[in-house]
Amino acid sequence: MKQLLFLFSVFYISFFSFEGTAQVRFDTKLSKNRLGLNERLRVSFEMNQNGDNFTPPNFDGFSVIGGPNQSVSNSWRNGVRSFSKTYTYFLTPNRKGKLTIGQASIVIEGEIYKTSPKEVEVTEAVNNPNSPQSRATAIADENLHLVAEISKSNPYLNEAVTVIYKLYFSSEISVSNVNEVEMPKYSDFWSHLIPIPKLEIKRGEFKGEVYNYVTWRKAVLYPQKAGKLILEPLTLNVSVDVPSNRRDFFGNRVYQKTPKVITAGRRSINVRPLPEEGKPANFEGAVGTFDLNVKFNKTALKSSESFQATVKVAGRGNLALFSLPTISAPSSLEVYEPEHKENIKTNLLGMQGSIEDTYTIVPQYQGNYPIPPISFSYFDPVKEVYVSLNSKEALIDVYEGPMAASTSPQGKQTKQVPLVNENYFDFIKLETALIPFEKEIFYRSTSFWALLFTPYFAYLLISFLKRRNDNKVINPVTARQKHANRLAKKYLSSAKKTLGEKEHFYDALERALHNYLKAKLSIETAEFSKERIVGLLKEKNSQSTSISAFVSILEKCEAARYAPSSNVSMQEDFDLAVQTIAALDREI
């Protein structure tokens, strides 16, 4: 009896000592390492010994749709105890990419144990998610659909394509808390989203059955290359209220809320290239239906005046994706950079409106100058033909101003032949009168002594002037200001003489500003534009206030020709121009 008790005690102590020294395991197990954006992930945290104070990770990049579910397994087999405790979560990813399941922690017998991080790769939404589905999920799948409706599956290059995303749901379920998980980027397309101010539930038909639907997104696309282009899917995260088999106290059916990630799937568009046959040489990529209008605000003027030429294209098509034709003018007309304006509205039919370029042109000499016709071509995707539009030729009459050497009726300068008579070269002496001279000895001559002592006198004079200048206190800022003011007055002297004569004053002031920029920035007249001037002045480290003031004066000169101005405002503009040029000269 004593021997049996001794053996039992040894066995009991050995067993529990072995159990107490067993190695603790605390691991993270995933249902899959790679899943789609609309699939579910099961994450289990399993331990082989009981513990307390379990702390899960924050699941960054995921949404928790279920859990934690706790399960405990405790069994004996062949005298060996097996223990397992598991915390389980069900997650849905919120974005694509490589996501990490962080560390979970638990306290076992006073010690803190942590799991190792696990990495999960999330791809784009799949068409047939293979995650296990509950009854509520199955009902949501049958009664909830996201559809991308495409207006054209085989458009031409740069032809408008409309994509409308509609969320269909049957009357058996209700949806709430809809959020975008993945938004399409429309690669290889020029895209414009049409705002939807308010979501409205409407009745429609889907696969032959009546459904409720909500228009979630509208987009207008212009393909930018030919071939097969892929539209990335739109993916939504939706909270769905699904009816259950249970009823409340009053007999009403109880609804169960379940999250659902739904996708419209990938769609492809086959883009046709524009035909090469019949393509005009001046075609710049315009696709649609357009009208061309070229107009001039005046066709008769003085050489000291300017006029505006406007090239305008209006209609429906890819207005923002091509350039307008340029104006060609004779060399005696000084053409400035055009001012570009757009008046475009985009709806489900595409872009419509107008774009225009307004040129400011200044004649230099009097005469008649023709403006050649302007040609514009576009491709009509409905008729599948190229259309060319041409404006009429315009004749500009400059009736007052300096004369060129000779001007033909077509506005071309020709070389003028001078009239020569028989006495024209009488001033040239044809006979030479030679005068003999005696050779002078240079040594000890007046020139010799002058050259000998000139350096000494020059040194003494420079030393005297330097000593006198050193005794003076010179403010370098004041010196630079005086130099800048002198330079400004030099350029603006012609404008000052015409104060009181509005047109002549502002024309002279504008020319003075342009001449100043030519001298300081080394640019030609054809390069003048507000953007070009601002860019060059910024490169010269000019202050923004000085740049704004200079551009403001140029705008005043352009506007003052057509607006009344008093002598007081002219004097103010003149003073402001002097100060601005002086400031720019200091900064440059």
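What follows draws every value from the coordinates through simple rules; no lab data is involved. Values in this document were obtained by computation on a predicted structure and should not be read as measured data. We place every Cβ from the backbone using ideal geometry, glycine too, and count neighbours over all the protein chains shown.
For Val261, the residues whose modelled amide H falls within less than 5 Å of its own, excluding neighbours fewer than 5 places apart on the same chain, are Val238.
For the pair Leu389 and His504, a Förster radius of 56 Å applied to the C-beta separation gives a FRET efficiency near 0.90, rounded to the nearest 0.05.
Applying 1/(1 + (r/R0)^6) with r as the Cβ-Cβ distance of Gln579 and Leu452 and R0 = 41 angstrom yields a FRET efficiency of 0.20. Database remark: amide H of Phe206 closer than 5 angstrom to the amide H of Tyr211 (H placed geometrically; neighbours at sequence offset of 5 or more, or on other chains; Pro and chain starts carry no H).
For a 23 Å ceiling on Cα separation, which of these pairs sit above it: Lys29/Lys185; Lys185/Lys279; Lys497/Lys556; Lys29/Lys114; Lys530/Lys556; Lys295/Lys518? Walk me through the intermediate numbers first.
Numbers: Lys29/Lys185 34 Å; Lys185/Lys279 32 Å; Lys497/Lys556 19 Å; Lys29/Lys114 13 Å; Lys530/Lys556 13 Å; Lys295/Lys518 30 Å.
Flagged as over cut-off: Lys29/Lys185; Lys185/Lys279; Lys295/Lys518.
Taking amide hydrogens as placed 1.01 Å from N in the peptide plane, the amide H of Val287 sits under 5 Å from those of Asn318, Phe379, each at least 5 positions away in sequence or on another chain.
The simple spin-label model puts a point 7 Å past each Cα toward its Cβ; for Arg532 and Glu284 those points are separated by 1.7 nm.
Are any of the pairs Lys202/Lys260; Lys152/Lys202; Lys225/Lys260 more than 26 Å apart by Cα-Cα distance, and if so, which? List each step's numbers first, then the result.
Values: Lys202/Lys260 21 Å; Lys152/Lys202 24 Å; Lys225/Lys260 36 Å.
Beyond 26 Å between Cα atoms: Lys225/Lys260.
Extension gain, Arg272-Ser187: 0.36 nm per intervening residue step, less the Cα-Cα distance, totals 28.9 nm.
Whole-Hz Karplus values for the range 107-114 come out as 9, 10, 6, x, 9, 9, 10, 10 Hz, taken residue by residue from phi with 6.51 cos²θ - 1.76 cosθ + 1.60 and θ = phi - 60°; glycine and proline positions read x. Residues in the range 307-316 carry Karplus couplings, in order, of 9, 10, 10, 10, 10, 10, 10, 10, x, 10 Hz; the curve used is 6.51 cos²θ - 1.76 cosθ + 1.60 with θ = phi - 60°, and Gly or Pro positions show x.
Between Val24 and Ser569, 0.36 nm times their residue separation minus their Cα-Cα distance comes to what?
187.2 nm
Between Glu342 and Leu465, the contour length at 0.36 nm per residue exceeds the Cα-Cα span by 37.9 nm.
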